[in-house]
Amino acid sequence: MKRAMLLLSLLALPVCASPTRYYVKPVYTSIRFSIVKWGVLKEEGIFRDFDGTLIYDPAHPEGSQIDVVAKTASLDTKNSARDQTVIGEDFLDAARYPTLEFHSTAVDHNFVTGNLTIHGTTRSVRFPVTSLGVHEIASIGKMAGFETTFTINRRDFGVLGSRWGAVPGVLSDNVELHITIGAITRP
């Protein structure tokens, strides 16, 4: 009887959560950007080829870590001529800088700080992040979802666009990034 009571009391103890490794999956993730053109419209694009990992414990988000690498040439603006211009040497220069990278350095509840590398230039950025939850999904395992929107200045990363971006009023310096992440525990 004592054994049964001990076993029942052990089962009643809360299970301690621990950091879990998740794999960022393109099918559930979107890395998008927009930039104002001619002062009247937003040009939008998305990166289609990327990879990443996330270490996350909902009980202790400050111990989280995220690393994402996107292939520069995977940019898609729904206009192949514009894509070639943006990934060309005048802007992102995919031939010289084949990847864009983010590696977190700190997580503080609803903010992530890390090193963002674009066009071979690395800058520290801090942005808000919203957890969309963690759920067990029968067909794919445990999934974690996150979302963020923040703005960077393209010139801070050496993305000048001497042909288009240097002409006042053609392109804004600010680029808005909107990222939704769906990451699962299965590689």
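The values are calculated or read from the model by the stated rules, or taken from the named source; none is laboratory data. All values reported here derive from a predicted model rather than from experimental measurement. A quick note on method: Cβ atoms are made from the backbone with ideal geometry, for glycine too, and the neighbour counts reach across all protein chains shown.
Listing for the model above:
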{"item": "Pair list, Cβ < 6 Å and 6+ apart or interchain, from the stretch 130-159 residues that are touching a residue at least 24 places away in the same chain (Cβ under 8 Å) and in a loop (DSSP other than H, G, I, E, B) to residues that are among the β-branched types (V, I, T) and surrounded by fewer than 14 Cβ atoms within 10 Å (Cβ to Cβ)", "result": "G158/T121"}
{"item": "Criterion violated by V107 - all others in (1) out of contact with any helix residue (DSSP H, G or I) (no Cβ under 6 Å at 6 or more places or on another chain); (2) modelled with pLDDT of 90 or more satisfied", "result": "(1)"}
{"item": "Count of the stretch 37-59 residues which are over 23 Å from T105 (Cα atoms), out of contact with any helix residue (DSSP H, G or I) (no Cβ under 8 Å at 6 or more places or on another chain) and either in contact (Cβ under 8 Å) with a residue 40 or more places away in the chain or among the basic types (K, R) (or both)", "result": "4"}
{"item": "Test for A183: is it under 23 Å from S64 (Cα atoms), surrounded by 14 or more Cβ atoms within 10 Å (Cβ to Cβ) and not β-branched (V, I, T)", "result": "yes"}
{"item": "Number of positions in the stretch 78-116 that are closer than 24 Å to A144 by Cβ and touching a strand residue (DSSP E or B) at 6+ places or on another chain (Cβ under 8 Å)", "result": "16"}
{"item": "From the options D90, D83, D173, residue that is charged (D, E, K, R) and part of a helix (DSSP H, G or I)", "result": "D83"}
{"item": "Condition check for D67: in contact with a strand residue (DSSP E or B) (Cβ under 9 Å, 6 or more places away or on another chain) and assigned to a helix (DSSP H, G or I)", "result": "no"}
{"item": "Candidate set: the stretch 19-46, residues that are assigned to a loop (DSSP other than H, G, I, E, B) and under 17 Å from the mean Cα position of the chain (by Cα); chosen: the one farthest from V170 (Cα to Cα)", "result": "K25"}
{"item": "Hits in the stretch 35-72 - residues which are crowded, with 19+ Cβ neighbours inside 10 Å and touching a Gly at 6+ places or on another chain (Cβ under 8 Å)", "result": "I66, V68"}
{"item": "Any hit, the stretch 47-70, residues being among the hydrophobic types (A, V, I, L, M, F, W, C), over 14 Å from the mean Cα position of the chain (by Cα) and modelled with pLDDT of 95 or more", "result": "no"}
{"item": "Search result, residues across the stretch 114-160 that are of a type in the set (A, V, I, L, M, F, W, C), modelled with pLDDT of 95 or more and loosely packed, with under 15 Cβ neighbours inside 10 Å", "result": "L132"}
{"item": "Test for L75: is it within 12 Å of the chain's Cα centre (by Cα), among the aliphatic types (A, V, I, L, M), surrounded by 14 or more Cβ atoms within 10 Å (Cβ to Cβ) and over 18 Å from E147 (Cα atoms)", "result": "no"}
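Matching residues to (1) at pLDDT 95 or above; (2) over 27 Å from G161 (Cβ atoms):
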{"site": "A12", "(1), (2)": "no, yes"}
{"site": "V15", "(1), (2)": "no, yes"}
{"site": "Y22", "(1), (2)": "yes, yes"}
{"site": "T72", "(1), (2)": "yes, no"}
{"site": "F91", "(1), (2)": "no, no"}
